[in-house]
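The values are calculated or read from the model by the stated rules, or taken from the named source; none is laboratory data. On a predicted model such as this, the values are computed, not experimentally measured, just so you know. Positions of Cβ are generated from backbone atoms using ideal geometry, with glycine treated the same way; all protein chains shown enter the neighbour counts.
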Amino acid sequence: MTLAKTSAAATSADRITGLTARVRLEHYAQLVRAEAHQALNAGTPAIDCADHMRARVPWWSDTTIAGYLVDRGTDPQLRTYMWAYPAGLDWFAALAEADARVIREVLHAAYRDPLTPTDLARLWPAGPPIGGPGSTVRLRKPPVP
């Protein structure tokens, strides 16, 4: 293998590693949004949700956190729409670790027709429940300075 090929392979691997890190970080952030979403819908005060989000994702500004909470606390249709992102991303992130045959079948079906959560569960019965296990969210408090 020549030096140029070795360098190109390393650059490609770095890009894949960077992409993987970016996707996993966004997956984590979506899960934090989902926790706040569930907590708000369960009646948790917005200030407690904000504290939780700040503790889990310290690089988010107060303005960013407030925006996420406002989006989830107003219009019921918008709340449903905002829930679809973390629930779907979490399910598809788990799918990425599944058997190649299952991945292929789910993606082929998803590109042919829109699929409901029930359709996805039927295609991958061993997959996680869409939207999480359904347990109560336990919000974390920020550390005491």
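How many residues are under 13 Å from Arg138 (Cα atoms) and in a helix (DSSP H, G or I) when one looks only at the stretch 34-54?
Of the residues in that region, 12 qualify.
Go through the stretch 15-30 and give me each residue that's surrounded by fewer than 16 Cβ atoms within 10 Å (Cβ to Cβ) and within 16 Å of Leu89 (Cα to Cα).
Once the filter is applied, which keeps residues that are surrounded by fewer than 16 Cβ atoms within 10 Å (Cβ to Cβ) and within 16 Å of Leu89 (Cα to Cα), the stretch 15-30 yields Leu19, Thr20, Ala21, Arg22, Val23, Arg24, Leu25, Glu26, Tyr28.
Restricting attention to the stretch 7-17, does a residue exist that is at pLDDT below 85, of a type in the set (A, V, I, L, M), under 24 Å from Trp124 (Cβ atoms) and part of a helix (DSSP H, G or I)?
No, the stretch 7-17 contains no residue that is at pLDDT below 85, of a type in the set (A, V, I, L, M), under 24 Å from Trp124 (Cβ atoms) and part of a helix (DSSP H, G or I).
Looking at Ser135, is it at pLDDT below 75, exposed (fewer than 15 other Cβ atoms within 10 Å of the Cβ) and either closer than 22 Å to Pro45 by Cβ or among the acidic types (Asp, Glu) (or both)?
Here the answer is yes, as Ser135 does meet what is asked.
Restricting attention to the stretch 98-125, and to residues there that are touching an Asp or Glu at 6+ places or on another chain (Cβ under 9 Å) and in a loop (DSSP other than H, G, I, E, B), which single residue is modelled with the highest pLDDT?
Here the answer is Trp124.
Across the stretch 18-52, which residue is modelled with the highest pLDDT among those that are among the β-branched types (Val, Ile, Thr) and within 19 Å of Leu69 (Cβ to Cβ)?
The qualifying residue modelled with the highest pLDDT is Ile47.
Just name the residue that is nearest to Arg33 (Cα to Cα) out of those in the stretch 46-56 that are without any contact (Cβ under 8 Å) to a residue 40 or more places away in the chain and surrounded by fewer than 17 Cβ atoms within 10 Å (Cβ to Cβ). Break it down into steps so the answer makes sense when it comes.
From the stretch 46-56, those without any contact (Cβ under 8 Å) to a residue 40 or more places away in the chain are 46-47, 50, 53; that's our starting set.
The next check asks that each one be surrounded by fewer than 17 Cβ atoms within 10 Å (Cβ to Cβ); those that pass are 46-47.
Numbers: Ala46: 13, Ile47: 14 Å.
Checked the stretch 46-56; the qualifying residue nearest to Arg33 (Cα to Cα) is Ala46.
Inspect all residues belonging to the stretch 81-96 and state whether any of them is more than 16 Å from His27 (Cβ to Cβ), modelled with pLDDT under 75 and not hydrophobic (A, V, I, L, M, F, W, C).
Within the stretch 81-96 (the criterion being more than 16 Å from His27 (Cβ to Cβ), modelled with pLDDT under 75 and not hydrophobic (A, V, I, L, M, F, W, C)), the answer is yes, since at least one residue qualifies.
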